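Structure first, then comments.
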Amino acid sequence: EWNRRQRQMCIRDSSSATRRWIAVVAWIALVYTTIPFVRVLQTWFTARWDRMLIGYAVTAVLVIVAVTVLFAVRRLTSRWSLATAIWLVGIAAVYTWWASSLWRVPEVAVHLLEYGVLGVLLYRALRPQVRDSTVYVVAALIGVFVGTVDEVIQWITPRRFFDFRDIFLNCGSCALALVAVWKIEGPGPQLVTARSLRRVVRLAIAVVALFALVLSVTPTRVQRWAERFPGVSFLKSPDNEMAEYGHRHVIPGVGRIKSRFTVEQLRAEDAARADEVAAILDRYPGDRYGKFLKDYPPQRDAFAHEARVHIFGRDHHLRRQTEYPDGSQDSRHHASVALRQHQMLEKFFGNTLRASRYALPATTIDGLERQMLPDLLWDSWTSRHLITRISERALRIVLIITLLGLAVVDLALGRRGRREARPEGVRT
């Protein structure tokens, strides 16, 4: 009878574990398969309602979930304490603040819900097999991997784009949900073993290897792939870069700008190619800006591309300035940004700008200076995706060393695990 009950318990546990993993796989499949349709759904929604309703809906769901969890913890668990309540309220506040900070693009806030749910589902699926506290790290690493693959799928999907900020959003939401679960459930009942640590290390190796791959997909390499495989030519879009490296330049009293060139290279290009590049820019007035981006991606002519994109940014704020009453805070803000953008153009593209149709009259510059907010320093959004803190070569070395270090740790944990599994008194 006892053996029969044990077998039944094992069958029930196995069935429960299977259902939990099916829920994880189904949720990931739902997130991935909706990627090609998000733009269509967004267009359909915004044609009928204000897109801000998406942000309100996400925030409302987060608040409802937080309140429900607090009441459930209070009534159904023995781990209720004031400290736990403070932790959960704090996590809910972070989620709410994060969602509200994304209201300029409220549809992005949906990532918070998607990956918060994923974190909880991963914990539930892993807990029967991982009975120690590494379950939270394992779930977080799987969440990082899934969230990164999400962005890779977006990169290869027409009209969708890869964005490191979305990876951070995905991973951060998953981690926050797991912190909440940790405060409710507590650490696992078992001690951490070498086998558990080895599982963590191997997942870390997979995550680092994935990031190494992502960080090696530069526009130059994509250009070569597109030449060999015409079917992936859409990946050459100037707004669809995955990883690109450059330099950050600080202009005292003006702000910061990122570029694919060093200061010396920018000055040399501007001196040698001003007339040539100005003639290119003049062929693409404002209504042909999209055509310019298609004809002159950075892979073809990075200097002309950067000059035109900076001009577009300046002119955008010039137009926005006229939408507000003179002297208002909004008008002064856009005037200040337009002037800062113009000063950046003068600094690095001055000869080209003056030779083109995009040079500003002195009266326009004087008007911008009169409305200028003197303390505003502008961190230009142009080429903001460029990785400037470290070179590609240095980053590759760091990633290789990290992978080798993790491999060594994995081998050491393997030996330790074999010793732990060996019966006492047995010598080899």
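The values are calculated or read from the model by the stated rules, or taken from the named source; none is laboratory data. Quick caveat: nothing in here was measured; it's all calculated off a predicted structure. Using ideal geometry, Cβ is built from the backbone for each residue, glycine included, and neighbour counts are taken over all protein chains shown. Accessible surface areas use protein heavy atoms only, side chains included; no ligands, DNA or RNA. Shrake-Rupley method; radii C 1.70, N 1.55, O 1.52, S 1.80 Å.
Computed across the stretch 83-196, the Kirkwood radius stands at 15.0 Å (inverse of mean 1/r, all Cα pairs). Straightening the chain between VAL38 and ASP287 buys 86.9 nm, computed as 0.36 nm per residue apart minus the Cα-Cα spacing.
Of the residues ILE390, ILE251, the one with the largest accessible area comes first in the ranking ILE390, ILE251, computed with a 1.4 Å probe on protein heavy atoms.
Ordering TYR324, ILE401, THR382 by the projection of their Cα atoms onto the charge dipole of the stretch 287-428, which places +1 on the Cβ of Lys and Arg and -1 on the Cβ of Asp and Glu, puts ILE401 at the extreme positive end. Cross-link reach is defined here as a Cα-Cα straight distance under 14 Å, omitting same-chain residues fewer than 8 places apart; for LYS294 the aspartates and glutamates meeting it are ASP239, GLU241, GLU306. Stretching VAL152 away from VAL250 to a fully extended chain increases their span by 32.1 nm, per 0.36 nm per residue minus the current alpha-carbon distance.
Note on the stretch 153-293: Cα convex hull, mean projected area over all directions, 15.4 nm². Taking amide H as placed 1.01 Å from N in the peptide plane, ILE387 has its amide H under 5 Å from the amide H of GLU244, TYR245, GLY246, each at least 5 places away in sequence or on another chain. Restriction of the trypsin sites (Lys or Arg not before Pro) in the stretch 342-416 to DSSP coil positions whose beta-carbon has at most 16 other beta-carbons within 10 angstrom yields ARG357, ARG384, ARG389.
Decide, for the chain, between rounded, prolate and oblate: order the square roots of the alpha carbon gyration tensor eigenvalues as a ≥ b ≥ c, take rounded if a/c falls under 1.5, and otherwise choose prolate if a/b is larger than b/c, else oblate.
Details: a/c = 2.47, a/b = 1.81, b/c = 1.37.
In terms of gyration-tensor shape, prolate.
For the stretch 251-302, trypsin sites (Lys or Arg not before Pro) are listed when DSSP marks them as loop and at most 14 other Cβ atoms sit within 10 Å of their Cβ; the list is ARG283.
Enclosing the Cα atoms of the stretch 264-346 in their convex hull gives a volume equal to 98 cubic angstrom per residue.
Basic side chains Lys and Arg get +1 at the Cβ, acidic Asp and Glu get -1 at the Cβ, and with that the dipole of the stretch 297-412 about its Cα centre reaches some 300 debye.
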